[in-house]
Amino acid sequence: MTRRSVASLFGALALAGCVSQTVGGHGDWYAARGAPPPSGDRVYVCHGYGCRVVSRVTFSPAEIAAIAGPLARGAKDAEAERAAVSGAVQRYETIVGPRIGTSGDRAKMDFGRGDASQMDCIDEATNTTSLLVLLEEHGHLRHHKVGRPVARGILIDGRYPHATAVLAETSGKGSWAVDSWPEPNGRPPLIQPLRTWMRSSGG
């Protein structure tokens, strides 16, 4: 694993606030990684481990519509909205991958190789958060707000540091990890209660 990736992961722990994280306030996360936050129809995609490479991607209206398609009709409740978010993540990664050379991004990661076609959990957490912010700003999230990414594991507790994007239910009933790291590009992210994710030691 690169020194920058390790530093980014420990920085994530400092910024995360874990389960008690506030909704929004993503600016410090992006600033710490040298990646601009999403703006309008533009995102800045991290790859190459720890945001070593940041690629600008601008979506056409048709691409925005395709990404948001699973959410377009409006979900009846928070559970249905999370299922639709899973579909949006898959479409997002499928569109972005060919543009920046990450279509072959594998599940999890090979430490320290710095391969620009691959993403570690910092890349994935940042990119999924950018997608969620984009969806939120375009009015496609009705039952959730986008939370600041969080991290778990500090080595001394026997767990390797790992980070994820977060959705918080607007009802206040709970927060959810949206973790794209365990699966290869274009596959469904792991979505589970954040408290469950925080206790886990695996992907």
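Only one of P70, P98 is assigned to a helix (DSSP H, G or I), over 23 Å from C121 (Cβ atoms) and not aromatic (F, W, Y); which? That would be P70, the only listed residue that is assigned to a helix (DSSP H, G or I), over 23 Å from C121 (Cβ atoms) and not aromatic (F, W, Y). In the set (1) touching a Leu at 6+ places or on another chain (Cβ under 9 Å); (2) surrounded by 19 or more Cβ atoms within 10 Å (Cβ to Cβ); (3) over 17 Å from P184 (Cα atoms); (4) modelled with pLDDT of 95 or more, the condition left unmet by R142 is number (2).
Every listed requirement among (1) among the small types (G, A, S); (2) closer than 15 Å to W181 by Cβ; (3) surrounded by fewer than 17 Cβ atoms within 10 Å (Cβ to Cβ) is met by G74 save one, (2). Could you check, for segment 119-141, whether at least one of its residues is on the phi > 0 side of the Ramachandran plot, without any contact (Cβ under 8 Å) to a residue 24 or more places away in the chain and not in a helix (DSSP H, G or I)? Yes, there is a match, as at least one residue in segment 119-141 is on the phi > 0 side of the Ramachandran plot, without any contact (Cβ under 8 Å) to a residue 24 or more places away in the chain and not in a helix (DSSP H, G or I).
The values are calculated or read from the model by the stated rules, or taken from the named source; none is laboratory data. Since the model is a prediction, treat every value here as computed from it, not as a measurement. Cβ sites come from the backbone with ideal geometry, for glycine too, and all protein chains shown count toward neighbours.
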